[in-house]
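Take a look at the structure below.
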Amino acid sequence: MKTPQRTRYDAAIVGGGHNGLVCAAYLARAGLRVVVLERHAQVGGAAVTEEFHPGFRNSMASYTVSLLEQRVIDDLELEKHGLELLPRPLANFVPALNGPGLAMHRDIARMQASIAEHSTRDAERWPRFVDELGRVTKLARSLMLEAPVDPTAGPREWLRAAARVPRLAALGRKGFATLWDLLAGSAGDWLDRHFELDALKGGLGFDAIVGHFASPYHPGSGYLLLHHSLGAIKRLEGAWGHARGGMGAISNALAAAAKARGVEIRCDSEVSRIHAAADGLEVETSTGTVHARAVAASIHPQLLFERLLSSYPLPEAFRERIRRWRSESASFRANVALAELPDFACRPGRTVAEHHTAGILITPSLGYLDAAYVDALRDGVSAEPVVEILIPSTIDSSLAPKGMHVASLFCQHFRRHLPNGASWADAKQAALDRIIDTVDRYAPNFRRSIIAAQAYTPEELESRFGLVGGDIFHGALALDQLYWARPAWGSSQYRTPVPGVYLCGSGAHPGGGVSGAPGHNAARAILRDLRVRRK
């Protein structure tokens, strides 16, 4: 006889993406009864690994790791649950049509030697640049696992703000100037002041437009560059790499950690409505109604407030804020199965070399990045797209048959809505061909080495993964949508205008990327509130 499902919980998590799983695990660790409600047949959201061609497996949407918080890894014992992170042997590589290309190392001395092949002046300036960025990164990193200060909440929050002043003071005059340049200025202008080498500036500038529909010369683009420098792998600051088994391995480890702490995970359980009830909240799902004292949503803010809470009398100013939430990263994502490795004209060879293990960036200059944005603004797609190629099978052989490889292609800029009524169903193949042709210019064997390809347009990123507007960050990481304004003034500390409903996904501070920070921080707010109620 089938045991009836429990219907009453302390907390229900809407969405089984990585942040939802993190939030659930922390709540259960504190002794709460928790259920995760996931509409798909597996948890993970955008961080899943699937076989897309017989024998070839890869990360479907999220494709590389760095921002995952070490505290989350340690607290939830993710390594015990099978998580293994593999740093890239080489950070990045910018291939060239003429010349040797630029290898970008984490080690300062090796990076200086690489730059010196092209510019002695820039090589000399590199340590100062690293120090300058490092000061600001240290400050930003300290804010990741804290609720933002809310200036609208009165004297208590002003005291919290005052307590952070010493951190600003620690920046020093130069560090504060750098912080201001990055927050208020543009990444392009800042990089132009430091360097002359186009490939170096293009490689660094890529981080300013990843998942950001903007030019590197747009004000505020400097924050994106900073955001992507906040992570680490195995405590190597700024390092990026792969999870063995793909990004789904992170979600699988989180799910195992949550279950070990008593979390119930219900897949194929799509939530349709959240209602207030006398004793808490009712969550209507495709598998029945769940009652909970608190509900945490790891989904996009517009899905939460405009769909699941559409009947709730939200403040009009808040509803208008969510309605106008900017959510379009203009990203196109593809996975390809390869018979052989790309043979770059600037560094010939089809056996695994250091540059094959890197993030391979088709970013020859800041001007190239700017032109890609301008093209898409006018035509909907870039004539010469920005492409990052990662070949995780070079360090994780479990992803492809022996001697073959899988590659992730992350590409900018491709609009969610194409001009003149054009549809992505008709434009998808042409966009993928344009991306492949771009890579083929640098590695002439690339197209003919492709065995199979799978691609997600911005429209498909939205429909499959719930990324409204195709936005990989659940909303632009722009100054007016960050920190105390994410998702809105007065609602930045994970609590929403609906009592008992919390936002624990990337639409909350500190934003997108596979970090687990929003889930961690939201859990802390929920525990504080439920304990107050209990008292």
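The values are calculated or read from the model by the stated rules, or taken from the named source; none is laboratory data. What you see is a predicted model; the values in this text were computed from it and never measured. Positions of Cβ are generated from backbone atoms using ideal geometry, with glycine treated the same way; all protein chains shown enter the neighbour counts. To get the accessible areas, we keep the full protein, side chains included, count just its heavy atoms, and leave off ligands, DNA and RNA. Shrake-Rupley method; radii C 1.70, N 1.55, O 1.52, S 1.80 Å.
What the table shows:
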item	result
Those GluC sites (Glu not before Pro) in segment 239-315 that DSSP places in a loop and that have at most 16 other beta carbons within 10 Å	E270
Rounded tilt (10° steps) of 424-442 against the dominant C-alpha axis of the chain	40
Highest to lowest packing among 200-208, 225-233, 175-183, scored as the average C-beta count within 10 Å	200-208, 225-233, 175-183
Loop trypsin sites (Lys or Arg not before Pro), segment 43-133, which have at most 14 other Cβ atoms in a 10 Å radius of their Cβ (DSSP)	K80
Mean Cβ neighbour count within 10 Å, used as a protection proxy, ranking 187-196, 328-337 highest first	328-337, 187-196
Peptides 340-352, 84-96 ordered by average Cβ neighbours within 10 Å, highest first	84-96, 340-352
Per residue Cα convex hull volume in Å³ - calculated over segment 163-206	81
Dimensionless Rg/Rh of segment 139-220 - Kirkwood Rh, Rg from C-alpha atoms	1.07
Tail beyond 21 Å, pair distance distribution of segment 64-133 (Cα, percent)	46
Under the Debye formula (equal points on every Cα, no solvent term), log10 I(q)/I(0) of segment 382-535 at q = 0.12 Å⁻¹	-0.72
CD proxy at 222 nm, helix term only [per DSSP H run n ≥ 4: -39500 (n - 2.57); per residue of the chain; nearest 500]	-10500 deg cm²/dmol
Around L477: net Lys/Arg minus Asp/Glu count, Cβ-Cβ under 11 Å	0
Within the accessible area of segment 51-135 (1.4 Å probe), percent carbon and sulfur	46
Heavy-atom accessible surface of segment 193-312: percent carbon and sulfur, 1.4 Å	47
Portion, in percent, of the accessible area of segment 401-473 that falls on carbon or sulfur, probe 1.4 Å	50
D_trans [Stokes-Einstein, Kirkwood Rh over alpha-carbon pairs] for the chain, 4 °C, 1.567 mPa s, µm² s⁻¹	55
Kirkwood-based Rg to Rh ratio, segment 280-338, C-alpha trace	1.14
Free-standing Cys, the chain [no other Cys Cβ under 4.7 Å]	C267, C346, C411
For the chain: accessible area per residue (Å², 1.4 Å)	39
Segment 37-43 - phi-based ³J(HN,Hα) in whole Hz, Karplus 6.51/-1.76/1.60, Gly and Pro as x	10, 10, 6, 8, 6, 9, 7
Crossing angle, helix 120-142 versus the chain [Cα axis fit, 0-90 degrees, rounded to tens]	0
Given charges at Cβ of Lys, Arg, Asp, Glu: the chain dipole, positive-most of G246, H405, S423	G246
Rounded FRET efficiency, nearest 0.05, which uses the C-beta distance separating Q429 from A113 and R0 of 56 Å	0.85
For segment 353-433, average projected area of the Cα convex hull in nm²	6.7
Largest-first principal axis extents, alpha carbons of segment 247-318, Å	41, 27, 20
Calculated log₁₀ intensity ratio I(q)/I(0) where the Debye formula runs over C-alpha points of segment 1-81, q = 0.12 Å⁻¹	-0.47
Placed amide H near R8: partners under 5 Å, 5+ positions off or other chain	H291
Residue-span extension gain [A184 to E84] - 0.36 nm each, minus C-alpha spacing	32.2 nm
Å³ per residue enclosed by the Cα convex hull of segment 430-483	127
Percent of C-alpha pairs per 10 Å bin, segment 195-238, short to long	27, 48, 23, 2
Extent along principal axes [Cα atoms of segment 310-445; Å; largest to smallest]	60, 33, 30
Where Rh is the Kirkwood radius over Cα pairs, Rg/Rh for segment 374-421	1.24
All-pairs Cα distance distribution in segment 1-149, expressed in whole percent, bin size 10 Å	8, 23, 28, 22, 13, 5, 2, 0
For the chain: lysine pairs under 30 Å (alpha-carbon distance), excluding those fewer than 8 apart on one chain	14
Length released on extending from D131 to H53, taking residue separation times 0.36 nm less the Cα-Cα span	23.6 nm
Tail fraction, Cα-Cα pairs, segment 181-328, threshold 26 Å, whole percent	53
Dmax and Rg, reported as Rg then Dmax, of segment 299-365 (C-alpha, Å)	22.4, 62
Angle between the chain longest axis and helix 366-379 axis [Cα atoms, degrees, rounded to 10]	60
